[in-house]
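See structure below.
Values in this text are rule-based calculations from the coordinates and carry no lab data. Here the structure is a predicted model, which is why all the values come from computation and not from measurement. A quick note on method: Cβ atoms are made from the backbone with ideal geometry, for glycine too, and the neighbour counts reach across all protein chains shown.
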Amino acid sequence: MSLRIIRDDITGMKTEAIVNAANRQLLAGGGVCGAIFQRAGHEKLSRACRELGGCETGEAVMTPGFNLPASYVIHTPGPVWQGGGQGEAALLKACYENALSLAKEKGLKSLAFPLISSGIYGYPPEQALDVAVGAIEAFLKDQEMDVWLVLFDQSIFQLALETYPALCGQK
Ligand code: AR6
């Protein structure tokens, strides 16, 4: 049971669930969210999200994964970066904590995260990485789960290699 950081496309992950860096309306957006909707099946995932009716920033909800290799998608809207003084770090930490709690509640043993908020929402990647690693490692201190942090951009993966070399590796 551990945290591994890899460079990959999260939509291909065969973990029991993958996490979506969502928006509060749970609509198909761009970035990783758009890729997840596309591969899951846009219509089916949109319908499941509509039934949930939305999700507050920092909270987490779950749908089936439909055509994805993962059985489930956990949707969590990250905070939009506004300079750091608007509680962004606490909200981002809550995204990881609530997604992990939901996975645990559902009895899941493996979960893959993207680096939430670090794209369209503008959170500085090095700070987003610290929040992600801190929250996941705290959870794993007394929980059994295989957690992957799946980075897409080479520059962000390079940053992870420099900051957390012991956590970076292959699938
Ligand atoms: N696999 C893994 N990571 C990815 C992938 C992928 N296929 N594609 C992009 N990333 P973003 P946010 C990385 O913008 O900042 C959407 O429209 C990307 O390089 O996807 O939380 C939502 O609907 C970046 O490091 O999410 C919201 O409206 C990270 O995923 C809004 O964008 C997150 O970037 C959320 O913005």
If you take every DSSP beta bridge fully contained in the chain, what fraction is antiparallel? Give it as a percent rounded to 5.
20 percent
Report the label-to-label distance for Gln25 and Arg4 in nanometres (one decimal), using points 7 Å from each Cα along the Cα→Cβ vector.
3.7 nm
Distance from the range 77-136 to the range 37-70 (C-alpha centre basis), Å
18 Å
Among Ala128, Ala28, Ala90, residue whose mean-square fluctuation peaks in a GNM of the chain (springs only between Cα atoms under 10 Å)
Ala90
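Before rounding to the nearest 500, sum -39500 (n - 2.57) across all DSSP H runs of length at least 4 in the chain and divide by the residue total; then give [θ] at 222 nm in deg cm²/dmol.
That calculation yields -12000 deg cm²/dmol at 222 nm.
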Here the relative contact order (percent) of the range 16-171, from C-alpha pairs under 8 Å and at least 6 apart, is 23 percent
Alpha-carbon Rg with Dmax, taken over the chain, Å:
14.5, 42
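Order by neighbour count: Ser101, Ser117, fewest other Cβ atoms within 10 Å first, most last.
Values: Ser101 13, Ser117 27.
Ranking Ser101, Ser117 by Cβ neighbours within 10 Å, fewest first, gives Ser101, Ser117.
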Gln38 and Leu161 label points (each 7 Å along its Cα→Cβ direction) are spaced in nm at 2.6 nm
